[in-house]
Amino acid sequence: MTLIDTHCHLYVEEFRNDVEQVLSNARQAGVERIYLPAIDSTEHDVLLQLEQAHPEICIAMMGLHPCYVKENYEEELRKVEDWLGRRKFAAVGEIGLDFYWDRNYDAQQYEAFRRQLELAKQYRIPVSIHSRNATLECIKEVKALQDGGLSGVFHCFSGSYELAKEVVKLGFYLGIGGVVTYKNGGLPEVLKHIPLEHIVLETDAPYLSPVPYRGKRNQPAYLTPITEKLSDIYGVSPEEIGAITTANANRLFQYHPASIAK
Ligand SMILES: [Zn+2]
């Protein structure tokens with residue numbers, strides 16, 4: 001079994017004491033690569049240190065998370081821009097809009113999202129999009145800038161079939177994680193009508209653990225129950241889910257070990 005975790009915050013405090021064990025669990029589950037989305041500059045160092053310690057499995061993104069767009073967002077964006085100019089990253093992420101939490105910085109969130117979409121085009125790398133309560137708004141922003149030069153994933157996708165279709169039309173992938181295993185979620189019904197070619201796997205660890213680990217700390221090895229759920233939905237073996245979503249992730253990130261080497 002081969003799996004890729006396309007969105008995992010493995011560098012945060014929750015993993016500080018046992019990251020080696022968590023990585024060993026991941027390898028045992030077949031996880032061969034883990035993509036690390038950035039949040040803001042307070043965590044750039046730990047993120048890049050983790051990548052440096054495990055370059056064969058951990059790959060960094062760079063970006064400013066919409067929940068961390070505050071008064072100092074200009075300064076934060078300058079840091080992101082600076083890093084992108086200095087070395088290769090897998091993607092600009094995570095970026096987007098979050099209208100669930102703080103609504104005081106909507107205008108700044110839009111500004112930060114647009115500028116980071118432009119950076120992705122400039123550096124010809126994909127984006128990892130966070131779109132909580134704002135999936136339609138994020139789709140509109142991507143559409144406005146999509147000239148064939150933008151690619152990426154709507155991380156933690158949990159919207160309607162209509163929204164899923166829009167994402168696919170943009171040439172983007174749906175990032176599917178623990179939410180697909182939750183009861184009363186409508187996601188399995190939506191996915192039945194979306195071909196597997198448009199799906200990548202993610203945990204968003206340490207958050208959003210799949211059933212039967214819901215409420216516990218999430219980790220990349222928990223891609224296994226997510227893969228099993230997708231196997232039920234699509235009626236193909238977990239191995240095939242792994243193979244197809246791995247191929248999708250490789251296409252998305254245009255993964256070549258040499259291109260990541262600094
Ligand atoms: Zn995230």
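The numbers here are math on the coordinates, done by the rules we state, and not lab data. What you are looking at is a predicted structure, and each value in this text was computed from that prediction instead of being measured. Positions of Cβ are backbone-derived with ideal geometry, glycine not excepted, and every protein chain shown enters the neighbour counts.
Each principal axis of the Cα atoms in the stretch 132-172 has its own extent, and those three values, largest first, are 25, 16, 15 angstrom.
For Val31, the amide hydrogen comes within under 5 Å of the amide hydrogens of Leu3, counting only partners 5 or more places away or on other chains and with H modelled in the peptide plane. Computed over the alpha carbons of the chain, Rg followed by Dmax gives 16.9, 48 Å. Which whole number in µm²/s is D for the stretch 93-215 by Stokes-Einstein, with the Kirkwood Rh taken over Cα pairs at 25 °C and 0.890 mPa s? Here the translational diffusion coefficient equals 165 µm²/s. GNM remark for the chain: springs join alpha carbons under 10 Å apart, and the peak mean-square fluctuation among Val92, Val236, Val180 falls on Val236. Computed over the stretch 81-122, the percent of Cα pairs more than 13 Å apart is 56. Of Gly93, Gln49, Leu191, which is farthest along the charge dipole of the chain in the positive direction, counting Lys and Arg as +1 and Asp and Glu as -1 at C-beta? Working it through, the farthest residue towards the positive pole turns out to be Leu191. Among Phe99, Phe89, Phe172, the largest mean-square fluctuation in a Gaussian network model of the chain (Cα springs under 10 Å) belongs to Phe99.
Just give me a number: lysine pairs in the chain, eight or more positions apart or cross-chain, with C-alpha atoms less than 19 Å apart. Taking the Cα cut-off of 19 Å, the pair count is 20.
Which of the GluC sites (Glu not before Pro) found in the stretch 1-67 are in a DSSP loop and have at most 13 neighbouring Cβ atoms, other than their own, within 10 Å? If you can, show how the numbers build up before the last one.
Values: sites: Glu13, Glu14, Glu20, Glu32, Glu43, Glu51, Glu56; in loops: Glu56.
Within the stretch 1-67, the qualifying GluC sites (Glu not before Pro) (loop, at most 13 other Cβ atoms within 10 Å) are Glu56.
Rounded to the nearest 20, the size of the Cβ-charge dipole of the chain about its Cα centre is 420 debye, with Lys and Arg at +1 and Asp and Glu at -1.
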